[in-house]
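Undergrad: Please see the structure below; I have some questions.
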Amino acid sequence: METLIEFKDVSKIYRKYSRSLKETLSSFLKKKKDPSNVEKSFKALNNVSFNVKSGKALGIIGPNGAGKSTILKILAGITEASSGEVIIKGKIGALLELGAGFHPEFTGRENIYLNGSIMGMK
C-alpha cells in the first residue's frame, strides 16, 4: 500500500510574549527600548511521527492541549511545522472549526461529503 501522509519528527513551537500587540506596537512607534516584552515559547508538538497508508484511517485522540488541532492545522497547511517533515500525496480539506459548515440534520459522513463537494472534491 502506498503511503499518503508522512509526518516525520514534527515539532511546533509557538512564541508567547508578556505584552499585548498594542503595547508592543506603541513602544515600537515611540522608539522606546522596553525589555519587559520577554519572549517565551510553548512546544505544542515534540518530534511527532506517523504515516497513513492508502485505504487506512487515522484517529487522533487526547486531552485538551495534547496537540490534536495543531497536527490537523499542519496537515491542512494552515500553519507550518517548526521542524520535521510533512509529506502529503493527494488533497486535504480542512474542517477544523467546530460547527463550521456543519448541517445539524446531516450525519458526520454526510457533512464531510457535502463540504468536500463544496471544495471541489469528488
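Undergrad: Of the residues Lys122, Lys68, Lys89, Lys73, only one is at pLDDT 85 or above and surrounded by fewer than 13 Cβ atoms within 10 Å (Cβ to Cβ); which?
TA: Numbers: Lys122 fails: at pLDDT 85 or above; Lys68 fails: surrounded by fewer than 13 Cβ atoms within 10 Å (Cβ to Cβ); Lys73 fails: surrounded by fewer than 13 Cβ atoms within 10 Å (Cβ to Cβ).
Matching residue, one of Lys122, Lys68, Lys89, Lys73: Lys89.
Undergrad: Ok, one more. Report, by residue number, each residue of region 1-27 that is open to solvent by less than 40 Å² (accessible area, probe 1.4 Å) and closer than 21 Å to Gly84 by Cα. Spell out the reasoning first.
TA: First pass over region 1-27, keeping only residues open to solvent by less than 40 Å² (accessible area, probe 1.4 Å): 3, 5, 7, 10-12, 27.
Selection gives Thr3, Ile5, Phe7, Val10, Ser11, Lys12.
Undergrad: Collect the residues in region 42-62 that are at pLDDT below 90 and within 17 Å of the chain's Cα centre (by Cα), keeping them in residue-number order.
TA: Selection gives Phe42, Leu58, Gly59, Ile60, Ile61, Gly62.
Undergrad: Can you find even one residue in region 50-59 that is open to solvent by less than 50 Å² (accessible area, probe 1.4 Å), part of a strand (DSSP E or B) and in contact (Cβ under 8 Å) with a residue 12 or more places away in the chain?
TA: Yes, region 50-59 has at least one match.
The values are calculated or read from the model by the stated rules, or taken from the named source; none is laboratory data. The structure presented is a predicted model; accordingly, all values stated were derived computationally and were not measured. As a convention, Cβ positions derive from the backbone with ideal geometry for all residues, glycine included, and neighbour counts pool all protein chains shown. Heads up: the accessible areas ignore ligands, DNA and RNA and are worked out on the full protein's heavy atoms, side chains in. Shrake-Rupley method; radii C 1.70, N 1.55, O 1.52, S 1.80 Å.
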